[in-house]
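Chemist: One structure coming up, written as structure tokens, with questions to follow.
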């Protein structure tokens, strides 16, 4: 290195105070000290604070500046060197790698040249009119909307959100580490194309489905990125504009939006205290979407006799049933009602299940059980969409189930939801006796009818000001002008001891509406 280059390098080295400031800027929850040091260097290089060729302090000196152990800095230096952010020179120390920004410079230079080059076309540039090209506008469909910062509210009565108190962190971390063994990485890292992780399929086949009375071969099971992905693929394969599809009202908004984007022949059936009733309206259908275990959003359970009758009618009228068993594992009964699919003798039921509902929604793991002929096409379609869900998560979840953690989690979840449901009912009877709660046999939410004069939307706004989040029920009905005095009160995301205070706050909010 020449005298000039050494002078330039030393002139650009941040001071001890600057290193400390860069280090604190890289601090993030859950990130190790070693990770913070690595992120500090990467951010400083990409931001231009450190430039190619600059020398960096010794590991001993940097450790002193950052008040960390020297071995932590040494390990961070080793990894940064392996990833070509740093260059190690014997007896001279570490330097910012001279080629670290080579690809970035090319990208920046190309973009700058394109921006500076005058257009050869002297006519005015017209912006692209995307409005003329969009034939589908999913953003304009009526969908469930939840506050992004819902965890900042003291009383989030929301359904389907993550509960850190119920997530089995230690067990999940153990399975993640097992899935990162050299042998397991070699097995899940290749491109599976249309296949799934065999171990997860086996665990679903032998441990998950039998709980619902369902027996299936591996050729009848496919992994999806959640239940919505499953419904989307089923809709893509089976529905055309003239397909007559029935669904419950009130019902699941995402299913409604998926189906209405494929057919104009969607027919709505009002539910009662036992779910979807049988009527002559069903006879004209090609497909029927149902949520028999816990009807969405009322939570009621379809009795066994009605399930048999529905299957018989489907057989007589040649109707394909799409069963969404989204909350099947959450039952207050010792003997839950078996799934429709378990009673199916002619492969007429397409069964959609979820594995992430009982763990964390962010995992996005669901599955479909259906006839092998349909599964073959679903795999081909999924290949066009995403090829396959992440096999690392599949392998981790397979281990989680195999080691008994999933079974233990289901028991823990059922007990917690039973306690929270009881606390909610008691608090509602004390503070909101004028509201009518639909009885449920399980699940993570209650369907509540407000007094006629109370608007659910107005209550939701007032409740938020009192720190309470609820879900107005309007979105679950087919029509925007549906009865406006229903709400869904979830207890998945709120501890049992906070439920009485939250309902008391909701009562205060109702008085101000």
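Rule-based calculations on the coordinates, nothing more; no lab input. All of these numbers come straight from a predicted model, not from anything done at the bench. Cβ atoms come from the backbone with ideal geometry, glycine included; neighbour counts cover every protein chain shown.
Chemist: Could you give the C-alpha radius of gyration of segment 131-233 expressed as a fraction of 2.2 N^0.38 Å, taking N as the number of residues it contains?
Modeler: Expressed relative to 2.2 N^0.38 Å, the Cα Rg reads 1.51.
Chemist: Working out 0.36 nm times the residue gap between residue 426 and residue 165, then minus their Cα-Cα distance, what length gain in nm do you get to one decimal?
Modeler: Working: separation 261, 0.36 × 261 = 93.96 nm, distance 2.22 nm.
Result for the pair: 91.7 nm of gain on full extension.
Chemist: At 7 Å along Cα-to-Cβ for each site, give me the label-to-label distance between residue 152 and residue 408 in nm.
Modeler: Distance between the two pseudo-spin positions: 3.6 nm.
Chemist: Between rounded, prolate and oblate, where does segment 194-248 land on the alpha carbon gyration tensor, with a ≥ b ≥ c its root eigenvalues, rounded for a/c under 1.5, else prolate if a/b exceeds b/c?
Modeler: Here segment 194-248 falls in the prolate category.
Chemist: Oh, and also: Taking only Cα atoms, what is the 0 to 90° angle, nearest 10, from helix 499-511's long axis to the longest principal axis of the chain?
Modeler: The helix 499-511 is inclined about 70 degrees to the chain.
Chemist: Just need the Rg to Rh number for the chain, please, alpha carbons only, Kirkwood Rh.
Modeler: My calculation puts Rg/Rh at 1.06.
Chemist: Between residue 89 and residue 43, how many nm apart are label points set 7 Å from Cα along the C-beta direction?
Modeler: Reported label-point gap for residue 89 and residue 43 is 2.8 nm.
Chemist: At a temperature of 4 °C and a viscosity of 1.567 mPa s, determine how fast segment 320-376 diffuses translationally according to Stokes-Einstein, using the Kirkwood radius over alpha-carbon pairs as Rh; express D in µm²/s, rounded to the nearest whole number.
Modeler: Values: Rh = 12.5 Å.
Stokes-Einstein gives a translational diffusion coefficient of 104 µm²/s.
Chemist: Quickly rank 345-353, 474-482 as a protection proxy: mean count of other C-beta atoms within 10 Å, highest first.
Modeler: Descending packing order for the listed peptides: 345-353, 474-482.
Chemist: Working from Cα positions, state the angle (0 to 90°, nearest 10) between the long axis of helix 391-402 and the longest principal axis of the chain.
Modeler: 60 degrees
Chemist: Thinking of segment 265-325 as a set of Cα atoms, what percent of all their pairs are more than 20 Å apart?
Modeler: That tail contains 17 percent of the Cα-Cα pairs.
Chemist: Would you mind checking the tilt of helix 226-238 against the longest principal axis of the Cα atoms of the chain, expressed as 0 to 90 degrees and rounded to 10?
Modeler: Taking the Cα atoms of the chain, the angle to 226-238 is about 70 degrees.
Chemist: While we're looking at this one, here's another question. How much of the DSSP bridge set in the chain is antiparallel, in percent, rounded to the nearest 5? Before the final figure, lay out the partial values.
Modeler: Numbers: 24 of 42 bridges.
Within the chain, antiparallel bridges account for around 55 percent of the total.
Chemist: Just grab the label-to-label distance for residue 58 and residue 70, each label 7 Å out from Cα along the Cβ direction, in nm (one decimal).
Modeler: Those two pseudo-labels are separated by 0.8 nm.
Chemist: Shifting gears a bit: To check my understanding: the extent here is largest minus smallest coordinate of the Cα atoms along each principal axis. What are those three numbers for segment 418-472, in Å, largest first?
Modeler: For segment 418-472, the Cα extents along the three principal axes come out at 29, 23, 19 Å.
Chemist: What is segment 350-448 by shape, rounded, prolate or oblate, if you read a ≥ b ≥ c off the alpha carbon gyration tensor as root eigenvalues and call it rounded for a/c under 1.5, prolate for a/b larger than b/c, and oblate otherwise?
Modeler: prolate
Chemist: Between residue 132 and residue 438, how high is the FRET efficiency from 1/(1 + (r/R0)^6) when r is the Cβ-Cβ distance and R₀ = 60 Å? Nearest 0.05.
Modeler: Approximately 0.85, to the nearest 0.05.
Chemist: Okay, helix-only estimate at 222 nm for the chain: each DSSP H run of n ≥ 4 adds -39500 (n - 2.57), divide by all residues, round to 500 deg cm²/dmol; what do you get?
Modeler: -12500 deg cm²/dmol
Chemist: So, by mean Cβ neighbours within 10 angstrom, what's the order for 282-290, 485-493 with the highest one leading?
Modeler: Final packing ranking: 485-493, 282-290.
Chemist: Same structure, new question: Relative contact order, percent, of segment 441-513 when contacts are C-alpha pairs under 8 Å separated by at least 6 residues?
Modeler: 42 percent
Chemist: So what's the projected area for segment 391-513, the Cα convex hull averaged over all directions, in nm²?
Modeler: 9.7 nm²
Chemist: Please compute the contact order of the chain in relative form: average sequence separation of alpha-carbon pairs under 8 Å and at least six residues apart, divided by the residue count, as a percent.
Modeler: Relative CO of the chain lands at 17 percent.
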